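I have placed the structure first, in the form of structure tokens, so that the comments after it can refer back to it.
The values are calculated or read from the model by the stated rules, or taken from the named source; none is laboratory data. Given the structure is predicted, the values throughout are model-derived calculations rather than measurements. Here the Cβ is made from the backbone with ideal geometry for all residues, glycine too, and neighbour counts use every protein chain on show. The area values use the complete protein model at the heavy-atom level, side chains included, leaving out ligands, DNA and RNA. Shrake-Rupley method; radii C 1.70, N 1.55, O 1.52, S 1.80 Å.
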Amino acid sequence: MQLLPGFRDFYPEDCALRNYVLSVWRSVAARYGFVEYDGPVLEPIELYRKKSGGELVGQLFDFVDKGERHVSLRPEMTPTLSRMVASRERDYKKPLKWFCAPSFFRYEKQQRGRLREFFQLNCDILGDSSPAADAELLALLIDILRGFGLGPEDFVVRLSDRDAWLQFAQGKGVTVERLGDFLAVVDKLERSQEADNRRKLAEFGIELGAVRAFIAEPSGEAAKLQGIIADLTARGLEKYVAVDLTIVRGLAYYTGLVFEVFDRNGKERALAGGGRYDGLLELMSDGKVKMPALGFGMGDVVLANLISEVPHAKAKRDAWLAANRAAEVYVVVADEEHRTEALGVVQSLREGGWRTDFAFSAAKVGKQFQAAETLGAQFAVVVGAEWPELKIKALATRTEHSAAPAQLVSQLRALCVTQPSA
Ligand code: HAM
């Protein structure tokens with residue numbers, strides 16, 4: 001039986017990698033005071049048809065359920081989050097700083113960096129329209145990537161502003177109704193032939209040269225990006241951002257600030273993207289709740305590719321994997337006469353917080369040591385004919401120590417401090 005295209009099996013080694021990504025996401029989000037939430041995997045299709053818009057609508061994993069409802073697996077979180085917050089807006093103090101990191105589904109062509117099921121971290125701030133909130137969210141985005149050991153030479157956050165484009169387009173006579181179509185042309189500018197760009201812009205009565213000049217020297221609303229950059233400069237994070245007006249984002253709900261993150265080599269697709277969606281909660285609540293909001297989504301696929309290509313990020317990941325190996329201690333039963341006592345040792349180690357493993361049936365001592373190495377254990381504790389004397393072997397340094405069962409847990413802890421290389 002073949003896997004469906006774009007879906008993944010997660011064998012234990014794949015799950016370990018995924019857990020690494022999730023653990024960094026969660027710990028940095030928590031450092032910024034974000035709290036975790038979640039929503040349903042399945043939603044009514046209207047939620048995305050009306051609220052996501054753009055190219056996402058063509059990528060929905062939708063079907064009619066047994067109750068004749070037209071539903072879709074979630075392709076993104078923002079419409080769900082907006083619905084959730086709009087319906088219980090009074091229960092929470094503003095600003096809300098919420099994150100989630102579940103899986104999403106998009107019927108996209110499988111390619112490098114894009115799958116049909118992927119994990120995506122979402123961090124959103126709701127109820128604050130200030131540039132300080134914009135800068136805080138961007139600082140979080142940057143610090144998450146720094147949390148993986150990625151530096152300013154590895155990635156860049158490209159900042160842009162839809163209001164600036166709105167001003168530009170209206171100045172050229174583009175109506176509000178046609179704004180989305182105009183932005184779609186800007187969105188594809190770098191990926192299309194110049195002749196096509198020229199022809200498409202002519203439909204709006206705009207010259208390509210004028211668009212290029214605006215990108216080179218943005219004016220009007222784009223000035224507020226400088227304020228955001230000043231805030232990031234105060235935090236020492238300015239080297240991670242650059243103004244780039246070619247970023248407009250493919251989703252319909254974005255209003256002001258928009259941004260995307262790319263690897264510096266330009267080899268990968270976007271690592272993350274987001275922006276302000278100040279009108280979405282109002283739309284979701286039929287005008288009842290007006291609440292500014294902004295956020296970003298960061299997928300696991302491109303991120304994992306980049307981590308494995310950047311040596312210091314890879315080293316950091318591998319150190320985490322080593323520290324989170326399956327067993328820290330392996331109890332070697334060197335004398336079957338003492339298996340009962342060995343079980344007591346195993347139990348006390350586990351109760352002492354050590355990840356502990358052992359062989360279920362009699363095996364040669366050499367085989368048991370091999371098993372310990374395979375599991376990546378730091379220590380072997382040998383239970384043999386000398387019982388109640390135990391032997392602790394530090395597997396990396398091959399040093400040996402005697403221990404009594406009652407002191408085993410504290411002695412291992414002390415050895416961990418004195419033998420950091422173990
Ligand atoms: P998005 O740009 O559609 O934004 O997705 C954000 C990130 O999710 C992408 O940059 C990419 O890392 C990842 N991603 C998207 N599609 C796929 C895929 N098919 N396979 C693998 N990774 C993928 C949003 O989803 C917005 N809802 C983000 C947001 C949150 N805006 C405000 N709050």
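Some points to look at:
- Residues in the stretch 279-323 that are open to solvent by 10 Å² or more (accessible area, probe 1.4 Å), within 16 Å of the ligand (Cβ to nearest atom) and of a type in the set (Val, Ile, Thr): 1 in all.
- Within the stretch 232-278, the set of residues being charged (D, E, K, R), touching a Pro at 6+ places or on another chain (Cβ under 9 Å) and within 14 Å of the ligand (Cβ to nearest atom) comprises ARG276, ASP278.
- Extreme residue, nearest to LEU56 (Cα to Cα), among residues of the stretch 89-138 that are more than 9 Å from the ligand (Cβ to nearest atom) and small (Gly, Ala, Ser): SER103
- Verdict on ALA210 being of a type in the set (Gly, Ala, Ser) and open to solvent by 60 Å² or more (accessible area, probe 1.4 Å): no
- Scoring THR356 on the criteria (1) at pLDDT below 95; (2) open to solvent by less than 50 Å² (accessible area, probe 1.4 Å) leaves a single failure, condition (1).
- Matching residues, the stretch 324-352, being open to solvent by 60 Å² or more (accessible area, probe 1.4 Å), out of contact with any Phe, Trp or Tyr (no Cβ under 9 Å at 6 or more places or on another chain) and either under 15 Å from PRO405 (Cβ atoms) or free of Cβ contacts under 8 Å to residues at least 24 places away in the same chain (or both): THR340, GLN347, ARG350, GLU351
- Where a residue in the stretch 92-118 is at pLDDT below 95 and its partner, wherever it lies, is outside any loop (DSSP other than H, G, I, E, B) and more than 7 Å from the ligand (Cβ to nearest atom), with Cβ under 6 Å and at least six apart: GLU108/GLN59
- Selection status of PRO44, open to solvent by 40 Å² or more (accessible area, probe 1.4 Å) and in contact with an Asp or Glu (Cβ under 6 Å, 6 or more places away or on another chain): no
- Listed by first and then second residue, the pairs linking a residue in the stretch 7-25 that is open to solvent by less than 50 Å² (accessible area, probe 1.4 Å) to a residue that is among the small types (Gly, Ala, Ser) and modelled with pLDDT of 95 or more, with Cβ atoms under 7 Å apart and 6 or more places separating them unless they lie on different chains, are VAL21/ALA304; LEU22/ALA101; VAL24/GLY147; TRP25/ALA101.
- One residue alone among GLY236, GLY274 is at pLDDT 95 or above, in the same structural domain as PHE155 (by TED's automatic domain parsing), outside any loop (DSSP other than H, G, I, E, B) and open to solvent by less than 40 Å² (accessible area, probe 1.4 Å), and that residue is GLY274.
- Looking across the stretch 155-182, the residues that are farther than 19 Å from ALA223 by Cα and in contact with a helix residue (DSSP H, G or I) (Cβ under 7 Å, 6 or more places away or on another chain) come down to PHE155, VAL156, VAL174, LEU179, PHE182.
- Counted residues, the stretch 71-129 - those being farther than 22 Å from TYR253 by Cα and more than 20 Å from the chain's Cα centre (by Cα): 5
- Condition broken by ALA86, with the remaining ones in (1) open to solvent by 50 Å² or more (accessible area, probe 1.4 Å); (2) more than 9 Å from the ligand (Cβ to nearest atom); (3) farther than 21 Å from ALA29 by Cβ satisfied: (1)
- Test for LYS200: is it touching a helix residue (DSSP H, G or I) at 6+ places or on another chain (Cβ under 9 Å), part of a helix (DSSP H, G or I), of a type in the set (Lys, Arg) and touching a residue at least 24 places away in the same chain (Cβ under 8 Å): no
- Check on GLN120, under 27 Å from TYR20 (Cα atoms) and open to solvent by 50 Å² or more (accessible area, probe 1.4 Å): no
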